[in-house]
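Note sheet for the following structure.
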Amino acid sequence: MSDGAPHPSAWRLLGIWAGIGLQSFGGGASTTLLIQRTFIEKYRWVTAEEFTHLWSVCLLAPGINLIAITALLGRRLGGWRGVVASLAGLLIPSGAITCLLAALFAQVEHSATVQAIVRGVVPATGGVMALVAVNFARPLFQRGADRRPLRLALTVALTLAGALAVIIFNVSAITIVIVAMSLGALLFAPGPSPSLAPDRDKTEGRA
């Protein structure tokens, strides 16, 4: 978020997150997609790359990632009041509706119509998850293609390796995250800033 951009009030964050929570049918992927479109595309309060970095921080912490990203965005945009307003907006309305729907579903879950509806929701949710993954990957791939092709190739290789490890070998998510952290520290650690080289040369010349 740029320094000159106005910060939203806690009440505005409450309303925005309540809208996201009430629209996020289909699970975590649909909620993540709504968050991306709201904060990146609609209001432009964060960039796609910043959002990806915040989400990476959420992956390093135990617990529910959506709760963590809500708290981080709320803190970034509105301080501690923003955290409280964002969490309340996301959880209270959607939580109440979820409880009502769960009670209703328990009464009709064996209906053939309900079973058909569920079978249609599953592939649709998978499509939303794929779109969310593309949104996360796009800034990383664009940055790698523009600056370092080798880094782009390594990113693609890690992505494929992680997917194959989960699908074929049933590797746990925590193992994937730990290995990715270690490889990221080795392969993607920033080198010395080029801007420091001329100053160092000048200093050595004076000496």
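Observations on the model:
- For the peptides 75-88, 107-120, the ranking by packing is 75-88, 107-120, with the highest mean count of neighbouring Cβ atoms within 10 Å listed first.
- Å³ per residue enclosed by the Cα convex hull of region 1-130: 115 Å³
- FRET efficiency estimate (nearest 0.05) - Cβ-Cβ, Ala185 to Ala116, R0 45 angstrom: 0.40
- Under the criterion of Cα pairs below 8 Å and six or more residues apart, the relative contact order for region 1-110 equals 36 percent.
- Relative pair counts by distance (%), Cα atoms of region 53-142, 5 Å bins: 2, 12, 12, 15, 19, 16, 12, 7, 4, 1
- Note on region 9-79: Cα convex hull, mean projected area over all directions, 4.5 nm².
- By definition, a body whose alpha carbon gyration tensor gives a ≥ b ≥ c is prolate when a/c is 1.5 or more and a/b is larger than b/c, and region 39-102 fits this prolate description.
- Modelled this way, with points 7 Å down the Cα-to-C-beta line, the labels at Phe105 and Asn170 are 2.5 nm from one another.
- Footprinting exposure proxy for Trp55, Trp17 (fewest neighbouring C-beta atoms within 10 Å first): Trp55, Trp17
- Between Phe136 and Ala163, the contour length at 0.36 nm per residue exceeds the Cα-Cα span by 8.2 nm.
- Ranking of Cys58, Cys99 by count of other Cβ atoms within 10 Å, fewest first: Cys99, Cys58
- Across region 64-80, the residues whose backbone nitrogen lies under 13 Å from the label position 7 Å along the beta-carbon direction of Val177 are 64-69.
- Coil-residue trypsin sites (Lys or Arg not before Pro) of region 16-55, DSSP, other Cβ within 10 Å capped at 11: Arg44
- In order along region 72-85, phi translates into HN-Hα couplings of 5, 5, x, 5, 5, 9, x, x, 5, 5, x, 4, 5, 5 Hz, rounded to whole numbers, per the Karplus curve 6.51 cos²θ - 1.76 cosθ + 1.60 with θ = phi - 60° and x for Gly and Pro.
Just so you know, all these numbers are worked out from the coordinates, no wet-lab data involved. Here the structure is a predicted model, which means the values were calculated and not measured. Quick reminder, even Gly has a Cβ in these numbers, built from the backbone with ideal geometry, and neighbours come from all protein chains shown.
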